[in-house]
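Enquirer: Structure incoming, see below.
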Amino acid sequence: MTSSIAVAPSPGRGLQRVIAVLAALASSLLLLFLAVPIGQLIGAGGADGIRQLASDAELRSALSLTAITATVATLLGVLGGTPLAYLLARREFRGRAVLSAVLDLPLLIPHPVAGIALLLLLGRESAVGGTMLAAGLRVVGTPLGIVAAMLFVAAPLFISGAREAFARVDPRFEAVARTLGDPPLRAFLRITLPLSRRGLVASAVVMWARAVSEFGAIVVLTYNPKVASVLSYDRFTSFGLREALPVAAVLAVLALIPLTALRTLKGADDGMTR
Amino acid sequence: MIECRALSARHGAFQLADVSFAVPTGQYGVVIGPAGSGKTTLLETIAGVVPATSGQLWLHGADATTLAPEARGLSLVYQHAFLFPHLSVAANIAYGAASAEVAEEVTRRFGADVLAGRPVRALSGGERQLVALARAFARRPGVVLLDEPFSALDPRRRTIVRREVRALHREWGVTTLQVTHDFTEAGLLGDVAVLLDGGRALQSGAPDEVFRRPASPYIAEFLGAENVLAGAVRVLEEEAPDWLEGDPAPIAHGYRAIEFTSGPLVLYTVGDFPAGDGYAVIRAEEIVLSLESPAGSARNRFRGVVTERDTLGALTRVTVDVDGVPLVASLTTRSAKELSLAVGMEVTASFKAMAVHLC
């Protein structure tokens, strides 16, 4: 009996081997391209950077400012982004695609352009900036400007990750909780939030790491006081590579710590869901 | 009481349309239908999880069409249980429980007490269904909605759990609506059966009525009727066959005598079906096989040849060819052995006039 299902001819064994070798080569080259510069940077400047932490007050100040502003920006992102992410994951409504696109926009535009856009909105010449200034809130040239720049460029990462985390929780869990007597907010707090917690934490960590490494938008809004990325750039342009290396290396380590923690967390999460 | 009045809802691309039926307070309703017919959407609409787009839903004698799920006084059990994986078995059962005592009672009655120490993720599908049932009943709801709640249980445990659900339903007066694919289960449990297909309720009523008097040949075949014959209906007025004594009109509780012709077969039945084209449905278990023409009251008798014999445990399904028309009879395997039925044997297939349902 002949089968009516057409089967595509498979490439020969020799060709398959060539494709496999080429794929492995391309992947290895890309991996090296991504990992070697960071490894080299930490190798060349990491030890000096750690030593400088004890003696270089400007570096210490820049690092603590970076960590604090990134944490504040992340908290604001989580606070405002969680309901948005939930809305996008759970509700069908007109304009959802447009809202998604608007939220992704900061990821797509060059970050100095993002800084200029923020300057237009929050600068002293603008209505918003002028009003804030009148209320005693100066944005440009202050840590508030740094937070604003970090929030703008990094919050979309949290929203996107949180949206996926919520979407992974089957809505029927909430449905059961509702029929067991929970109003929507209680069902969210007792069921959806705990079930999506790991994804939300991971998204917040990614947002924090992105905020820590932001340069383009911050440099337009607030050159001084300097965060670590601006300090690294400043030392590179003023004193050259040798002086910039320790700062850059410490900044890379600062970004790597939460990312490593995130991978560990994701590993544990996979173990839980299997 | 659950009463749907032309209830419609949309879930993604699926449309539930104009569904009407009622399950009186304290009764057990079963929803039967093929996969994708809208059974789960119907339960979710009644639960308020999927909003109704039109029509009305009445629960406990009040309009509940726009009530939030938590205000409807019901519980919903999904086929896949949806136990909260971050909570223990005990915490799941206690989640919406009316009291700790009720939670404890249902845990014991469903046999979920032995699972208390195990994480939810380690439970089998059947164990999850036990816990989900306990969780739903622990709320002591007025209405319970069950979506294939026994599908993952092994046959022995299914019987025990089904009995327990039925017992709680009776003792607590819980109005229950259960989705099932199992016709036997529908017959065993249901006071009311609702047949759903394509998002529409095709027929509802007492299960026996729905099974024996399907509204269409499609429903008959879906409900497992094996003999559905297309043919012509003729109402016998003055020319009643000799088995009808006297005036045909007042016989058989006021129904008329009817002759139904399907190819070479001429059947007799009684009813109020109009003349014209129609379908005759004869359930396989209504057909009696015998080696000789039997004495007795069966008005439809046909000689034929056995063409197929399938034994399925205690029951045997026999196909008899009557002048090119296959008639399928279902009899006990013991009877089939006593008759020594074999392919090629000549037998008589007989059934009563009342066993023929026209639609």
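The values are calculated or read from the model by the stated rules, or taken from the named source; none is laboratory data. These figures come from a predicted structure and were not determined experimentally. Neighbour counts are summed over all protein chains in view; Cβ atoms, including those assigned to glycine, are modelled from backbone coordinates with ideal geometry.
Enquirer: Anything in region A:174-189 that is surrounded by 19 or more Cβ atoms within 10 Å (Cβ to Cβ) and within 10 Å of another protein chain (Cβ to nearest Cβ)? List them, or say none.
Expert: Within region A:174-189, A:GLU174, A:ALA175, A:VAL176, A:ALA177, A:ARG178, A:THR179, A:LEU180, A:GLY181, A:ASP182, A:ALA187 meet the criteria.
Enquirer: Output the residues belonging to region B:51-83 that are surrounded by fewer than 21 Cβ atoms within 10 Å (Cβ to Cβ), assigned to a loop (DSSP other than H, G, I, E, B) and within 13 Å of chain A (Cβ to nearest Cβ).
Expert: Correct list: B:PRO51, B:LEU67, B:ALA68, B:GLY73, B:GLN79, B:HIS80.
Listed here are the residues, each with its yes/no results for (1) of a type outside the set (A, V, I, L, M, F, W, C); (2) closer than 18 Å to A:ALA202 by Cβ; (3) out of contact with any helix residue (DSSP H, G or I) (no Cβ under 7 Å at 6 or more places or on another chain).
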residue: A:PRO156; (1), (2), (3): yes, yes, no
residue: A:PHE166; (1), (2), (3): no, yes, no
residue: A:GLU174; (1), (2), (3): yes, no, no
residue: A:PRO183; (1), (2), (3): yes, no, no
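Enquirer: How many of the residues making up region B:270-300 are in a strand (DSSP E or B) and modelled with pLDDT of 90 or more?
Expert: 11
Enquirer: B:THR41: closer than 21 Å to B:PHE150 by Cβ, within 13 Å of another protein chain (Cβ to nearest Cβ), surrounded by 15 or more Cβ atoms within 10 Å (Cβ to Cβ) and polar (S, T, N, Q), yes or no?
Expert: yes
Enquirer: Got a number for residues in region A:62-100 being more than 27 Å from A:ASP234 (Cβ to Cβ) and either over 17 Å from the mean Cα position of the chain (by Cα) or of a type outside the set (A, V, I, L, M, F, W, C) (or both)?
Expert: Counting residues in region A:62-100 that are more than 27 Å from A:ASP234 (Cβ to Cβ) and either over 17 Å from the mean Cα position of the chain (by Cα) or of a type outside the set (A, V, I, L, M, F, W, C) (or both) gives 19.
Enquirer: Would you check if there is a residue in region A:165-180 being within 22 Å of the chain's Cα centre (by Cα), closer than 28 Å to A:ILE146 by Cα and basic (Lys, Arg)?
Expert: no
Enquirer: Do the conditions hold for B:PHE21, that is, is it more than 14 Å from chain A (Cβ to nearest Cβ), surrounded by 15 or more Cβ atoms within 10 Å (Cβ to Cβ) and in contact (Cβ under 8 Å) with a residue 24 or more places away in the chain?
Expert: Judged against the criteria, B:PHE21 is a match.
Enquirer: Still on this structure: Suppose we filter A:VAL205, A:VAL128 for residues that are among the hydrophobic types (A, V, I, L, M, F, W, C), surrounded by fewer than 19 Cβ atoms within 10 Å (Cβ to Cβ) and more than 14 Å from chain B (Cβ to nearest Cβ); which single one remains?
Expert: Going through A:VAL205, A:VAL128 in turn, just one is among the hydrophobic types (A, V, I, L, M, F, W, C), surrounded by fewer than 19 Cβ atoms within 10 Å (Cβ to Cβ) and more than 14 Å from chain B (Cβ to nearest Cβ): A:VAL128.
Enquirer: Further, regarding this structure: Of everything in region A:131-143, what is surrounded by 15 or more Cβ atoms within 10 Å (Cβ to Cβ) and touching a residue at least 60 places away in the same chain (Cβ under 8 Å)? Give them in sequence order.
Expert: A:VAL139, A:VAL140, A:THR142, A:PRO143
Enquirer: Take region B:84-98 and flag every residue that is crowded, with 19+ Cβ neighbours inside 10 Å, within 14 Å of another protein chain (Cβ to nearest Cβ) and of a type outside the set (Ser, Thr, Tyr).
Expert: B:PHE84, B:ASN92, B:ILE93, B:ALA94, B:GLY96, B:ALA97
Enquirer: Every residue in region B:123-140 that is surrounded by 23 or more Cβ atoms within 10 Å (Cβ to Cβ) and either acidic (Asp, Glu) or in contact with a Gly (Cβ under 8 Å, 6 or more places away or on another chain) (or both), please.
Expert: Within region B:123-140, B:LEU130, B:ARG135, B:ALA138 qualify.
Enquirer: Also: For region B:187-203, check the following and say yes or no: at least one residue is in a helix (DSSP H, G or I), touching a Phe, Trp or Tyr at 6+ places or on another chain (Cβ under 9 Å) and either in contact (Cβ under 8 Å) with a residue 60 or more places away in the chain or crowded, with 21+ Cβ neighbours inside 10 Å (or both).
Expert: Yes, that holds for at least one residue.
Enquirer: Right, here's the next one. Output the number of residues of region B:141-170 satisfying the condition of being buried (at least 16 other Cβ atoms within 10 Å of the Cβ) and not in a helix (DSSP H, G or I).
Expert: 13
Enquirer: Continuing with this model, one more query. Which of (1) touching a strand residue (DSSP E or B) at 6+ places or on another chain (Cβ under 7 Å); (2) of a type in the set (S, T, N, Q); (3) more than 18 Å from A:VAL169 (Cα to Cα) does B:THR107 not meet, given it meets every other one?
Expert: Unmet for B:THR107, out of (1) touching a strand residue (DSSP E or B) at 6+ places or on another chain (Cβ under 7 Å); (2) of a type in the set (S, T, N, Q); (3) more than 18 Å from A:VAL169 (Cα to Cα): (1).
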